[in-house]
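A.B. asks: This is the structure, below, for whatever I ask next.
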Amino acid sequence: MIADLLLKSLYFFLPAYVANMAPVLLRWIPFGAQPVSERWFGAHKTWRGLVVATLFGGMVFAIQKYAYASGFRGFLLIDYAGFPWWSGFFMGAGAILGDLVKSYYKRKNGIPPGEPWIPWDQADFVFGGIIGFFVLYVAPIEVVVMLLVVSPILHLGVNYIGYLLKIRETKF
């Protein structure tokens, strides 16, 4: 039962996970590298990051919707037929805006960009993705709890792998 809930929650939240990773993986794109507001969010929060996170969240959801229409029915939390193809843009935008809000409070607390702020660095996109998708779907409380427990662990692990691969400058 818990394993089933875990897989359904992770699959449901895949657009937010990809949206959260997209700005780091696509930082080589030459356009949009200007900070949204260096004063409020730091130099690392760029227009490029906002755009690619939103786009990739939307694309992942569109792929999930296509897979559903093609007969893939495993790990489903929602009926993808009941949602427009662009629904994932809300989750992707929510995830990256959650990160942006966290960055604002990080700056207000005097924490430099790139410095860890555990657990907020790991939970910001989860809150944002859930709230962003809230306009279309209210996730069951057990899914929200599962995501809030598992996502920070996954986030720390992925960041550490990124550090080992020299994609990230810090371990966490």
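The values are calculated or read from the model by the stated rules, or taken from the named source; none is laboratory data. Fair warning: this is a prediction, and the values are worked out from it, not measured in the lab. Here the Cβ positions follow ideal geometry from the backbone for every residue, glycine too, while neighbour counts run over all protein chains shown.
A.B. asks: Among the charged types (D, E, K, R), farther than 20 Å from residue 9 by Cβ and modelled with pLDDT of 90 or more: which single residue out of 106, 65 fits that description? Steps first, please.
C.D. replies: Values: 65 fails: farther than 20 Å from residue 9 by Cβ.
Sole residue among the options that is among the charged types (D, E, K, R), farther than 20 Å from residue 9 by Cβ and modelled with pLDDT of 90 or more: 106.
A.B. asks: Among the residues of region 82-106, what is the count of those that are buried (at least 18 other Cβ atoms within 10 Å of the Cβ) and over 14 Å from the mean Cα position of the chain (by Cα)? Spell out how you get there, then give the answer.
C.D. replies: Going residue by residue through region 82-106, those that are buried (at least 18 other Cβ atoms within 10 Å of the Cβ) are 83, 87-100, 102-103, 106.
Pick out the ones that are also over 14 Å from the mean Cα position of the chain (by Cα) and you get 83, 87, 103, 106.
Number satisfying all stated conditions: 4.
A.B. asks: Scan region 59-84 residue by residue and report those that are under 19 Å from residue 5 (Cβ atoms) and either of a type in the set (Lys, Arg) or part of a loop (DSSP other than H, G, I, E, B) (or both).
C.D. replies: Correct list: 72, 73, 74, 75, 76, 77, 78, 79.
A.B. asks: Within the bounds of region 124-141, is there any residue that is under 14 Å from residue 13 (Cβ atoms), of a type outside the set (Phe, Trp, Tyr), surrounded by 12 or more Cβ atoms within 10 Å (Cβ to Cβ) and touching a Leu at 6+ places or on another chain (Cβ under 6 Å)?
C.D. replies: Checked against the condition, which is being under 14 Å from residue 13 (Cβ atoms), of a type outside the set (Phe, Trp, Tyr), surrounded by 12 or more Cβ atoms within 10 Å (Cβ to Cβ) and touching a Leu at 6+ places or on another chain (Cβ under 6 Å), region 124-141 yields at least one hit.
A.B. asks: Can you go through 102, 106 and tell me which one is closer than 30 Å to residue 43 by Cβ, touching a residue at least 40 places away in the same chain (Cβ under 8 Å) and charged (D, E, K, R)? Walk me through it before giving the result.
C.D. replies: Details: 102 fails: touching a residue at least 40 places away in the same chain (Cβ under 8 Å).
Exactly one residue qualifies, and that residue is 106.
A.B. asks: Going through region 15-41 one residue at a time, which ones are assigned to a helix (DSSP H, G or I) and either among the charged types (D, E, K, R) or at positive phi (or both)? I'd like the intermediate steps shown before the answer.
C.D. replies: Restricting attention to region 15-41, the residues satisfying the condition of being assigned to a helix (DSSP H, G or I) are 15-25, 38-41.
Passing the criteria: 38, 39.
One line per residue, one yes/no per condition, for (1) under 27 Å from residue 165 (Cα atoms); (2) modelled with pLDDT under 95:
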site	(1), (2)
13	yes, no
21	yes, yes
44	yes, yes
48	yes, yes
60	yes, no
69	no, yes
76	no, yes
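A.B. asks: Inside region 115-133, can you point out the residues that are outside any helix (DSSP H, G or I) and in contact (Cβ under 8 Å) with a residue 24 or more places away in the chain? Before the answer, list the steps.
C.D. replies: Quick first cut of region 115-133, residues outside any helix (DSSP H, G or I) only: 115-119.
Residues satisfying the conditions are 115, 116, 118, 119.
A.B. asks: From the set of residues in region 42-56 that are touching a residue at least 24 places away in the same chain (Cβ under 8 Å) and in a helix (DSSP H, G or I), which is surrounded by the most Cβ atoms within 10 Å (Cβ to Cβ)? Can you show your working first?
C.D. replies: Filtering region 42-56 down to residues touching a residue at least 24 places away in the same chain (Cβ under 8 Å) leaves 42-45, 48-50, 52-56.
Next cut, in a helix (DSSP H, G or I) only: 48-50, 52-56.
Values: 48: 20, 49: 24, 50: 19, 52: 24, 53: 31, 54: 24, 55: 17, 56: 25.
Looking at residues that are touching a residue at least 24 places away in the same chain (Cβ under 8 Å) and in a helix (DSSP H, G or I), I get 53.
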